[in-house]
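The values are calculated or read from the model by the stated rules, or taken from the named source; none is laboratory data. Just so it is clear, the structure is predicted and the values come from calculations on it, not from any experiment. Every residue, glycine among them, receives a Cβ derived from its backbone with ideal geometry; neighbour counts consider all protein chains shown.
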Amino acid sequence: MDAEEFKYCPICGHPLIHHYKDNIPRCAQCERVFYSAPHPTASAIITDAEGEHFLLARRKFDPFKGYWDIPGGFLALGESLEDGLRRELREELEIEIRIIESLGSYPDVYGKDSTPTINIFYLATIVEGIPTARSDVSEVQWFNRNEVPSNIAFECVRWAINTWLELSSSGRY
């Protein structure tokens, strides 16, 4: 639950007020401030050794059930981006990766309630394992860099793929 959804302080039970300068909710009694922040995710565009193909995972559940997605997911409390990404890829695909570099971050929303997310994308290669659909993935497939499927799950995923394609076509990868 994000801070803007609270009407009462979860610490002392008094009503929340919104500060006139920044509109951030605060408790009228204990003065605790409740910041709202996007939920972080970490995902990876996984390429083959030649950089000609990349791996996508078909979503098993909503939102966007049946659409293609970049493997990754939400971070757990206290987890770094890199550790969260590695955990997610072990859970979803039973693979270990080598992170090459960050491709950037992109805000988006998730689910029926449009939960705000900040999505951090990496470029990576597989160092151990064969990608196998597990957890919330129904299928995995390698795609040629010139044949990106049209049914991509999220706007941020399209952005990440386009960023990778632009950087690789410029000779960076």
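Working only within region 1-18, note down all residues that are modelled with pLDDT of 90 or more and either under 27 Å from residue 110 (Cβ atoms) or assigned by TED's automatic domain parsing to the domain that holds residue 112 (or both).
16
Residue 105 is checked against (1) farther than 19 Å from residue 159 by Cα; (2) in a strand (DSSP E or B); (3) without any contact (Cβ under 8 Å) to a residue 24 or more places away in the chain and fails just one. What number does that condition carry?
Failing condition for residue 105: (1).
Looking only at region 111-131, which residues are part of a strand (DSSP E or B) and at pLDDT below 95?
Across region 111-131, the qualifying residues are 115, 116.
Mind checking which strands (runs of 3 or more DSSP E) fall wholly inside region 38-92 and carry at least 3 residues that are in contact with an Asp or Glu (Cβ under 6 Å, 6 or more places away or on another chain)?
Correct list: 53-59.
In region 64-86, how many are in contact (Cβ under 8 Å) with a residue 40 or more places away in the chain and loosely packed, with under 13 Cβ neighbours inside 10 Å?
Final tally of qualifying residues: 0.
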